[in-house]
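The structure appears right after this line, and notes come after that.
The values are calculated or read from the model by the stated rules, or taken from the named source; none is laboratory data. Remember, predicted model here, so these are calculated numbers, not experimental data. For neighbour counting, all protein chains shown are included, and Cβ atoms are generated from backbone atoms with ideal geometry for every residue, glycine included. Ligands, DNA and RNA are excluded from the accessible area calculation, which covers all protein heavy atoms including side chains. Shrake-Rupley method; radii C 1.70, N 1.55, O 1.52, S 1.80 Å.
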Amino acid sequence: AVVSTQSTGTAQCYKNEQLIGECLTELLPRHGLTRADITVVSKVAPVNQGRTACRASVEESTTHFNGYLDLVLIHWPGTSGMRHDDPRNAILRRETWAVLKEMQEEGLVKHVGVSNYTLRHLEELASAAGALPAVVQNEFHPLFQDQSVLEFCRQNGIQFMGYSPLAQGRLLTHQTVLQIAQRHDVPPAQVLVKWCVEQGVVCIPRTSQPARVMENLDRLEELELSKDEIETLTGLDCGGKVCWDPRTVV
């Protein structure tokens with residue numbers, strides 16, 4: 001799970017929704033909080049694309065979180081078991097979107113978004129459904145930025161969320177990042193998180209160590225990257241993806 005001070009992120013394919021729900025049920029009252037104080041984000045697994053499978057799976061997901069989800073993302077533009085060039089991918093993801101919008105009207109889902117969508121997938125959604133996602137969650141870090149998607153989100157009022165902002169740790173030892181971190185006397189991860197924030201990107205670094213969560217946030221507001229430093233980091237873009245690549249999914 002991905003945890004911040006305000007939200008909990010999970011997904012059907014992580015197979016931990018029930019566990020997280022049980023933890024929230026136990027911990028929220030202990031800290032004087034209620035379900036309404038936390039934002040729960042989940043994702044429809046690629047195996048659950050399509051009208052019937054999507055509805056059944058999301059209904060099950062909601063049972064772990066007091067009957068509703070704050071944000072549901074379509075995890076991937078393709079469907080498990082299908083080739084990337086299979087035209088049924090587009091049909092099934094449109095069905096999934098339609099069902100999620102229905103569930104939004106029913107109050108089971110508050111907001112609907114997508115993940116790992118390219119600009120082509122987003123334009124197709126806008127054309128076919130006449131609607132836009134509330135959130136786009138894609139891989140985003142200095143080595144891979146996909147500025148076309150980021151600009152699409154900016155122009156259309158869509159919140160962009162960037163996952164793997166540390167490039168799965170590869171950027172933590174990058175000489176440019178280390179130099180900037182040393183200049184400000186902060187951990188390299190904090191430089192990368194701040195770079196994302198400066199571009200209006202909601203950054204979701206993942207870690208299994210609670211201390212790392214606080215390290216990523218500590219003094220973040222105080223850290224001020226110069227214009228040159230931001231441009232230097234942005235200039236590292238080389239199309240260097242470290243996660244799955246949706247660009248071949250029709």
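A few notes on this one:
- When GLN168, GLN182 are screened for being open to solvent by 70 Å² or more (accessible area, probe 1.4 Å) and touching a residue at least 60 places away in the same chain (Cβ under 8 Å), only GLN168 passes.
- Of note, ARG88 satisfies the criterion of being over 20 Å from LEU132 (Cβ atoms) and basic (Lys, Arg).
- Region 45-66 residues that are open to solvent by 80 Å² or more (accessible area, probe 1.4 Å), paired with ones that are hydrophobic (A, V, I, L, M, F, W, C) (beta carbon under 6 Å, 6 or more apart): ARG51/VAL99
- Inter-residue pairs, beta-carbon under 8 Å, first among the polar types (S, T, N, Q) and in region 12-35, second in a helix (DSSP H, G or I), 6+ apart: GLN12/ASN48; GLN12/SER57; GLN12/SER61; THR34/LEU28
- Listed here are the strands (runs of 3 or more DSSP E) enclosed by region 1-120 that have at least 2 residues being within 27 Å of THR248 (Cβ to Cβ): 39-44, 69-74, 109-115.
- Exclusive hit being modelled with pLDDT of 95 or more, over 20 Å from the mean Cα position of the chain (by Cα) and not aromatic (Phe, Trp, Tyr), set ARG88, ARG94: ARG88
- Residues in region 69-89 that are farther than 19 Å from VAL136 by Cα and surrounded by 16 or more Cβ atoms within 10 Å (Cβ to Cβ): MET82 alone.
- Remark: LEU125 falls outside the filter, which requires a residue to be closer than 20 Å to ASP237 by Cα, outside any strand (DSSP E or B) and touching a residue at least 12 places away in the same chain (Cβ under 8 Å).
- Looking across region 121-155, the residues that are within 25 Å of GLN175 (Cα to Cα), among the hydrophobic types (A, V, I, L, M, F, W, C) and open to solvent by 10 Å² or more (accessible area, probe 1.4 Å) come down to LEU143, PHE144.
- Of the residues examined, LEU69 is not one that is closer than 18 Å to VAL201 by Cα and touching a strand residue (DSSP E or B) at 6+ places or on another chain (Cβ under 7 Å).
- Selection from region 90-118 of residues that are open to solvent by 50 Å² or more (accessible area, probe 1.4 Å) and of a type in the set (A, V, I, L, M, F, W, C): ILE91
- Qualifying positions in region 157-184 - farther than 20 Å from LEU223 by Cα and in contact with a Leu (Cβ under 7 Å, 6 or more places away or on another chain): ILE158, PHE160, ALA167
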